[in-house]
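Everything below concerns the one structure shown next.
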Amino acid sequence: MQKLIYSGLIGAIFGLGIAISGMANPAKVLNFFDVAGSWDPSLIFVMGGALLTTALGYRLVFGAASKPLFDAEFHLPINKIIDARLIAGSATFGIGWGIAGFCPGGAIPALGFGGVSVIAFTGAMVIGIVLARALDGLRHKPVKAF
């Protein structure tokens, strides 16, 4: 239960940060990409703040703890291979972010503001996740011999 409470608290703090920074507003994000028009560089500062917070957080957590509070071990990415799957996923993420102005981190908190565009984006995102997992499951499914 404690794990659930802390997870909810961390999610609420993240969502509040997204809302305060304006990143739940797709127009603000799209203006960042419009370097020839109404460019808004504030996204750089939000990303820089996130990078700094993450770097300090990793330094503090891994320097002070051998394991997380609510799990047996830290779950860190171990795959260091840059392959077609990673590139395709990154490109899909970037194209979707550039077209819609939402990324998953900004869309979930934006659901609290309502609106057709964020509901449509989140629905499409969920469908995409389900399809990707289904296709990945088919790709890695063992084939039975006769």
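The values are calculated or read from the model by the stated rules, or taken from the named source; none is laboratory data. This one's a predicted model, so the numbers in the text were calculated from it and none came from an experiment. Here the Cβ is made from the backbone with ideal geometry for all residues, glycine too, and neighbour counts use every protein chain on show.
Taking (1) assigned to a loop (DSSP other than H, G, I, E, B); (2) surrounded by fewer than 13 Cβ atoms within 10 Å (Cβ to Cβ); (3) hydrophobic (A, V, I, L, M, F, W, C); (4) within 17 Å of the chain's Cα centre (by Cα) in turn, V35 satisfies each apart from (4).
Hey, could you check the range 38-63 for residues that are hydrophobic (A, V, I, L, M, F, W, C) and closer than 24 Å to T122 by Cβ and say which is surrounded by the most Cβ atoms within 10 Å (Cβ to Cβ)?
Taking the range 38-63 as the starting set, the residues that turn out to be hydrophobic (A, V, I, L, M, F, W, C) are 39, 43-47, 50-52, 55-56, 60-62.
Within this subset, residues satisfying the condition of being closer than 24 Å to T122 by Cβ are 43, 46-47, 50.
Values: L43: 16, V46: 19, M47: 13, A50: 15.
The residue in question is V46.
Checking the stated criteria, A134 turns out not to satisfy the condition of being on the phi < 0 side of the Ramachandran plot, modelled with pLDDT of 85 or more and surrounded by 12 or more Cβ atoms within 10 Å (Cβ to Cβ).
Suppose we keep only residues that are farther than 18 Å from F121 by Cβ and surrounded by 11 or more Cβ atoms within 10 Å (Cβ to Cβ) within the range 71-89. Which one would you say is modelled with the highest pLDDT? Before the answer, list the steps.
So the first thing to find is which residues in the range 71-89 are farther than 18 Å from F121 by Cβ, and the list is 71-88.
From the residues that got through so far, the ones that are surrounded by 11 or more Cβ atoms within 10 Å (Cβ to Cβ) too are 74, 85-86.
On the way: F74: 82, R85: 83, L86: 87.
So the residue we want is L86.
Yes or no, residue by residue, for (1) under 23 Å from L43 (Cβ atoms); (2) touching a helix residue (DSSP H, G or I) at 6+ places or on another chain (Cβ under 9 Å); (3) free of Cβ contacts under 8 Å to residues at least 12 places away in the same chain:
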position	(1), (2), (3)
A88	no, no, yes
F93	yes, yes, yes
F102	yes, yes, no
P109	yes, yes, no
V118	yes, yes, no
T122	yes, yes, no
M125	yes, yes, no
G137	no, no, yes
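Is at least one residue of the range 106-114 closer than 18 Å to G22 by Cα and loosely packed, with under 10 Cβ neighbours inside 10 Å? Taking every residue of the range 106-114 in turn, at least one turns out to be closer than 18 Å to G22 by Cα and loosely packed, with under 10 Cβ neighbours inside 10 Å.
Please go through the range 1-32 and pick out each residue that is assigned to a loop (DSSP other than H, G, I, E, B) and either within 17 Å of the chain's Cα centre (by Cα) or closer than 17 Å to G101 by Cβ (or both).
In the first step, residues of the range 1-32 are kept if they are assigned to a loop (DSSP other than H, G, I, E, B); the result is 1, 22-25.
Hits for the range 1-32 are G22, M23, A24, N25.
Filtering K28, K3 for residues that are surrounded by 14 or more Cβ atoms within 10 Å (Cβ to Cβ) and of a type in the set (D, E, K, R) leaves a single hit, K28.
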